[in-house]
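The structure appears below as structure tokens.
The values are calculated or read from the model by the stated rules, or taken from the named source; none is laboratory data. Here the structure is a predicted model, which means the values were calculated and not measured. Cβ sites come from the backbone with ideal geometry, for glycine too, and all protein chains shown count toward neighbours. Surface accessibility is based on the protein's heavy atoms, side chains included, excluding ligands, DNA and RNA. Shrake-Rupley method; radii C 1.70, N 1.55, O 1.52, S 1.80 Å.
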Amino acid sequence: MIRAWLYHPHVDGHEDVPTDHLADLIDPKRALLWVDCAEPTESELDSLTKQLEISHLAAEDLHHGGQRTKLEHYRNHFHVAVHDCTLVEDVLTTREIDIVFGDGWLLSVRQRSDNPSDPAPFAPEQVIHRFEMERSEEDAWDEGFLLWSFLDVIVDRYFDVADRFDDRLDEVEEIVFSADTGDNIPKEVFDLRRGMVHFRRAVAPLREVLAQLLRREAECLGDESIVHMQDVYDHVLRVTDWIETQRDLLTGLLEADLAVVSNRLNQVMKRMTSWGAILLGSTLIAGIYGMNFKNMPELGWEFGYPMAIVLMVIAAILPYWFFKWKRWL
């Protein structure tokens, strides 16, 4: 599905326009052209890239998707690839959004998600609402504010994902230190680690993308939008620091799990060693008198058998008390 809107300065809302003559609608001084498409076909993308004179390299990226988070510069336009993220039951779902913009226009291509069970692309309603709210408050109508709206919404959703990771870390911590946990490393730890690595790959490169925008590498962005980009940059730094802290916590949980398993193994070995030592004395006495040599005086003694039983009991009780005192049992 392809939609094209014109945003005029000092005019609320937008104007729906046809998508067959987009190049004729581009006029940076009079309006902003926003073309949005979700899961476009090959022919639709070819039509859009031809009308907007998008570089064949950027067009190839739009066709194939699966781009890392980046900012690329082509002649008189730029390509930003970002990823929206959601976390459900330790499964991180990312949705790629490719944004190509130039002076007076912006094209957003929303790719399908990487989760087969939830393939829907990124929903732009929040972006539309934020952009139109900003227009009403600051008379912002250029492509810089529209790009900011995309990035601001996506980064805000990063905080939700990071907060959910915090909740899962608390749950995993309870599992690791639970008395019911076995000696195997909980599967939840590896699922969480995989999701955090995937999340970091989506978030960390966005810091450099915003740094490039703040260095005015995209000349078409206005001064006011650059100020707003600084706020998004600060948010990305906070999320990145948060992710690094969570990675350290997860590493600590893995080490703690290994320590807990090692401690349990030590306790088992202590018990086995204690019972072995307790039975050793009785076994030794029984072994000696079980050899049945003819010249063993105790074998013919009237009190030989009771003496052997008493010795075996004493040989078992004394080490039992000792190990109980040492808290090995």
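Quick look at the values:
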quantity: Residue, modelled with the highest pLDDT, within the stretch 274-329, restricted to residues that are among the β-branched types (Val, Ile, Thr) and open to solvent by less than 60 Å² (accessible area, probe 1.4 Å); calculated: 278
quantity: Residue list for the stretch 242-271, restricted to those being at pLDDT 80 or above, within 30 Å of residue 162 (Cβ to Cβ) and of a type outside the set (A, V, I, L, M); calculated: 242, 244, 245, 246, 247, 248, 251, 252
quantity: Cβ-Cβ under 7 Å pairs, at least 6 apart or on other chains, the stretch 68-96 side without any contact (Cβ under 8 Å) to a residue 24 or more places away in the chain, far side surrounded by fewer than 17 Cβ atoms within 10 Å (Cβ to Cβ) and not in a strand (DSSP E or B); calculated: 74/57; 81/68
quantity: Strands (runs of 3 or more DSSP E) contained in the stretch 34-121 and holding at least 2 residues open to solvent by less than 10 Å² (accessible area, probe 1.4 Å); calculated: 77-88, 91-102, 105-113
quantity: Selection from the stretch 191-238 of residues that are in contact with an Asp or Glu (Cβ under 6 Å, 6 or more places away or on another chain) and either surrounded by fewer than 18 Cβ atoms within 10 Å (Cβ to Cβ) or more than 23 Å from residue 160 (Cβ to Cβ) (or both); calculated: 191, 220, 222
